[in-house]
1. Would you work out if segment 147-210 is rounded, prolate or oblate? Take a ≥ b ≥ c from the square roots of the eigenvalues of the alpha-carbon gyration tensor; rounded if a/c is under 1.5, else prolate when a/b is larger than b/c, oblate otherwise.
2. What list of ³J(HN,Hα) couplings, whole Hz, do you get for segment 346-353 from phi and the Karplus terms 6.51, -1.76, 1.60, once you set θ to phi - 60° and write x for glycine and proline?
3. Let me spell out the model: positive unit charges on the Cβ of Lys and Arg, negative unit charges on the Cβ of Asp and Glu, origin at the Cα centre of segment 156-294. What dipole size does that give, in debye rounded to 20?
4. Listed highest first by mean packing, meaning other Cβ atoms within 10 Å per residue, what order do 92-100, 6-14, 242-250 come in?
5. Give, as a single signed number, the net charge of other residues whose beta carbon lies under 13 Å from the beta carbon of A97, with Lys and Arg counted +1 and Asp and Glu -1.
6. What share of the DSSP beta bridges in the chain is antiparallel, in percent to the nearest 5?
7. Around K110, which amide H atoms from residues at least 5 apart in sequence, or from another chain, sit under 5 Å from its own amide H, with H modelled in the peptide plane?
8. Mind telling me which of V151, V141, V200 comes out most flexible in a GNM of the chain, alpha-carbon contacts under 10 Å?
Amino acid sequence: MKAIVVSDIAPAGDFSRVYIEEQALPAPGAGQVRVRMLYAPINPSDFNFIHGTYHDGFERLIWNYGHDTLTMDPQRTQPLAAVPYTIGGEGVGVVEAAGGGFLAKRLLGKRVSIAVGPPAGTWREYAIADAIRAVVLPASVSDEQAAMFFVNPVSVYVMLKHVLKVKPGTRLLITAAGSAIGKAVTRLSTVFGYQCICVVRGSSNSDALRGLGAHAVIETNTQNLQAEVHRVTAGRGVDYALDCVGGTLAGDALRCMALNGHFLSYGTLAGRPTELHQRDIMHPLVRVEGFFVPNWLLQQNKLTLIRTLRAVKKLVARGYFDVDVDRVFDFSRVHDALAAADARDRTGKIMLRFS
């Protein structure tokens with residue numbers, strides 16, 4: 001079988017270390033399934049593995065200080081993948097083989113959405129996945145949408161319901177609101193009953209966000225963020241903020257927080273450290289927190305994981321996480337697909353097709 005491999009870390013915009021190689025067909029172990037892949041999306045997290053962003057981040061953590069091998073957890077039980085590896089955190093395919101265990105065997109022949117990740121991710125013709133992280137979705141959900149079940153939908157649901165614990169009647173601000181996560185958070189405001197204030201750079205996504213239920217859309221290219229939040233909240237500010245940008249925008253968003261607000265950072269699109277003034281945290285008693293879905297999942301018991309996946313599955317089936325697909329590339333054209341996914345003017349998801 002063929003797999004897309006990253007041979008070494010490369011600087012931003014350089015995909016020369018990504019190539020296709022022939023590998024042996026993998027065999028599933030106990031509680032695992034082998035999936036013939038159909039589609040996999042290209043997510044920002046995939047670029048983090050290509051360019052070493054995750055490596056740099058985990059290298060900074062105290063439990064990795066002085067260690068050559070980096071781990072995702074302080075107990076050092078979850079090694080961070082090291083090159084060479086196959087990336088791809090999620091995808092959809094058909095289960096063709098199962099290891100031991102009732103759950104794995106009952107998935108034989110079924111179309112499943114899977115979560116895997118490096119070193120043996122989903123960008124391959126056949127992937128191995130834990131059966132507990134293989135979700136059967138109804139036929140009404142297309143292959144393309146099913147391929148995107150885990151990374152964004154699970155992250156959004158967990159951030160809203162488990163981490164922020166957003167309450168009805170509150171106000172939530174989200175940066176980079178034109179992203180897939182931003183649009184999902186906006187849609188879900190109509191389900192969970194919060195007011196969603198969407199922050200974008202320009203106007204390309206503004207009308208779409210209003211149509212999805214945004215309480216307000218603020219375009220930072222032409223509008224002052226704090227002034228607009230003051231206006232649309234009658235000076236009360238926002239109870240929650242979701243930020244995936246960092247840099248100066250995160251600092252601006254922090255100054256929009258209400259008393260006892262909760263600020264959650266889950267991305268680094270700006271590529272620069274977040275600029276936070278200490279008194280912007282101290283005086284309004286703001287809780288500033290970080291979120292990384294793989295590490296959240298590692299800390300959950302099976303019951304919490306199953307309940308979370310069931311809740312997300314219901315929302316996916318109702319279309320709350322639907323994402324526009326810009327283009328689909330055969331995996332043999334992975335370099336073209338990566339260039340398309342890296343383009344700033346892209347508005348939809350780039351997908352890889354395997355069969």
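1. Judged from the Cα gyration tensor, segment 147-210 comes out oblate (a/c at least 1.5, b/c at or above a/b).
2. Karplus values, whole Hz, x for Gly and Pro: 6, 10, x, 7, 9, 10, 9, 10.
3. I would put it at about 320 debye.
4. Order by mean packing, descending: 242-250, 92-100, 6-14.
5. +3
6. Numbers: 30 of 56 bridges.
Roughly 55 percent of the beta bridges in the chain run antiparallel, per DSSP.
7. V95
8. Of the options given, V141 has the highest mean-square fluctuation.
Values in this text are rule-based calculations from the coordinates and carry no lab data. Predicted model, so just to flag it, every value in this text is computed and none were measured. In this analysis, Cβ positions are derived from the backbone assuming ideal geometry, glycine residues included, and neighbour counts consider all displayed protein chains.
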